[in-house]
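Taking it in order: structure first as structure tokens, then the write-up.
The values are calculated or read from the model by the stated rules, or taken from the named source; none is laboratory data. Worth saying up front: this structure is predicted, and the values here are computed from it rather than measured. Counting neighbours? That spans all protein chains shown, and the Cβs are built from the backbone with ideal geometry, glycine included.
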Amino acid sequence: MFDWFLSTEKRIAKNQRRLTNRDSQPEDRETSARWLLENGGQKGLRALLTRFDMNLTHQLNDKDEKEFVYGLLASKGSEVSKPLRVHLKKCRQVALPVRLLEEIEGEEAAISMVYEILDLEYKKDDLNNPDKKKNMLVWLTERRHEGAIEAVKPFIDDFDEGVRHAAMEVVIAQGEGEAAALLEARMVHPEEDSNRLRVRLAQVFVNRRWSLADPEAVSAVLPSGFTVSGGRIVPA
């Protein structure tokens, strides 16, 4: 009853706190989610999106709740686009928000947004939080797009092995062209210390029968099980 005496902004804040509180009852979080959707306008939608960044201890329950929130947001269609784009630039967990953007605006718009987020993350240069970069790159590995290689180039030299690996998988997914030169350059990079990464790249060069620009340099860093013959990497 006392909620009626609160401003809309304070009611949005109250419902957002309850929605993202692990100690709230599930039915209370659902009630808050519905209120934010129906009464909070654009700010309510932004608040509703923050549920994607909170995880419950029980993973199945967490997944079900997030899918419920996803369904609520999807029902608003294009109304969600603006708050969703703002949220994507700040959020920690990107899988469901990007999926939602793709559903609402289409794959091309989602890819362009992912490029924008990657650029922001690169400029941020956060050494303590590589997960967002990595998850964006993993999403891109399932798509072929003319701008993909250019967008992921900065991450081929990332400090985090997982980010480097994901960036290279994007390059690999694009096929031929510039891919071979970029991947060979990383394979012989003096600061590359990941044997797992070099094994993956060697396997790609074997499978695609790519010629090497500098066979001697590649031979010096090849992991066990591979050798160079006739200007190509082959199984040892």
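Say we look at the stretch 42-63 and pick out the residues that are without any contact (Cβ under 8 Å) to a residue 12 or more places away in the chain and part of a helix (DSSP H, G or I); which of these is nearest to Ser78 (Cα to Cα)? Restricting to residues being without any contact (Cβ under 8 Å) to a residue 12 or more places away in the chain and part of a helix (DSSP H, G or I), the top hit is Lys63.
Mind checking which residues of the stretch 64-80 are in a loop (DSSP other than H, G, I, E, B) and either touching a residue at least 60 places away in the same chain (Cβ under 8 Å) or among the charged types (D, E, K, R) (or both)? The answer is Lys76, and nothing else.
Kindly check whether there is at least one residue in the stretch 179-194 that is of a type in the set (S, T, N, Q) and within 24 Å of the chain's Cα centre (by Cα).
Pass one, the stretch 179-194, residues of a type in the set (S, T, N, Q): 194.
Next, only the ones that are within 24 Å of the chain's Cα centre (by Cα) stay: 194.
Checked against the condition, which is being of a type in the set (S, T, N, Q) and within 24 Å of the chain's Cα centre (by Cα), the stretch 179-194 yields at least one hit.
Selection of the stretch 98-149 for residues being aromatic (Phe, Trp, Tyr) and surrounded by 19 or more Cβ atoms within 10 Å (Cβ to Cβ) yields only Trp139.
Within the stretch 176-226, which residues are among the charged types (D, E, K, R), over 18 Å from Arg164 (Cα atoms) and not in a loop (DSSP other than H, G, I, E, B)?
Narrowing the stretch 176-226 to residues among the charged types (D, E, K, R): 176, 178, 184, 186, 191-193, 196, 198, 200, 208-209, 214, 216.
From the residues that got through so far, the ones that are over 18 Å from Arg164 (Cα atoms) too are 176, 208-209, 214, 216.
The answer is Arg208, Glu216.
Looking at this structure, is Gln59 surrounded by 15 or more Cβ atoms within 10 Å (Cβ to Cβ), polar (S, T, N, Q) and farther than 20 Å from Val114 by Cα? No.
Look through the stretch 38-84, keep the residues that are more than 22 Å from Ser24 (Cβ to Cβ) and touching a Pro at 6+ places or on another chain (Cβ under 9 Å), and return whichever of them is modelled with the lowest pLDDT. Among residues in the stretch 38-84 that are more than 22 Å from Ser24 (Cβ to Cβ) and touching a Pro at 6+ places or on another chain (Cβ under 9 Å), the one modelled with the lowest pLDDT is Gln42.
Here are Ala167, Ala151, Ala179: which of them is free of Cβ contacts under 8 Å to residues at least 60 places away in the same chain and over 23 Å from Gln93 (Cβ atoms)?
Details: Ala167 fails: over 23 Å from Gln93 (Cβ atoms); Ala151 fails: over 23 Å from Gln93 (Cβ atoms).
The conditions single out Ala179.
For Phe159, the conditions (1) out of contact with any helix residue (DSSP H, G or I) (no Cβ under 8 Å at 6 or more places or on another chain); (2) over 29 Å from Leu127 (Cβ atoms) are fulfilled apart from (2). Here is the figure for the stretch 139-169: residues that are of a type in the set (A, V, I, L, M) and farther than 21 Å from Asn195 by Cβ total 5. Against the list (1) part of a helix (DSSP H, G or I); (2) at pLDDT below 95; (3) aliphatic (A, V, I, L, M), the condition Leu127 fails is (1).
Take the conditions (1) in a loop (DSSP other than H, G, I, E, B); (2) basic (Lys, Arg); (3) surrounded by 20 or more Cβ atoms within 10 Å (Cβ to Cβ); Arg164 misses just one of them, which is (1). Answer yes or no as to whether Leu72 is at negative phi, surrounded by 18 or more Cβ atoms within 10 Å (Cβ to Cβ) and among the aliphatic types (A, V, I, L, M). Considered against the rule, which asks whether it is at negative phi, surrounded by 18 or more Cβ atoms within 10 Å (Cβ to Cβ) and among the aliphatic types (A, V, I, L, M), Leu72 comes out as yes.
For the stretch 227-236, the set of residues classified as at positive phi and either part of a strand (DSSP E or B) or exposed (fewer than 12 other Cβ atoms within 10 Å of the Cβ) (or both) consists of Gly230 only. When Arg92 is tested against (1) touching a helix residue (DSSP H, G or I) at 6+ places or on another chain (Cβ under 7 Å); (2) in contact (Cβ under 8 Å) with a residue 12 or more places away in the chain; (3) loosely packed, with under 15 Cβ neighbours inside 10 Å; (4) part of a helix (DSSP H, G or I), just one condition goes unmet, and that condition is (4).
Restricting Glu121, Glu169, Glu102 to those that are of a type in the set (D, E, K, R), touching a helix residue (DSSP H, G or I) at 6+ places or on another chain (Cβ under 6 Å) and modelled with pLDDT of 95 or more reduces the list to Glu102.
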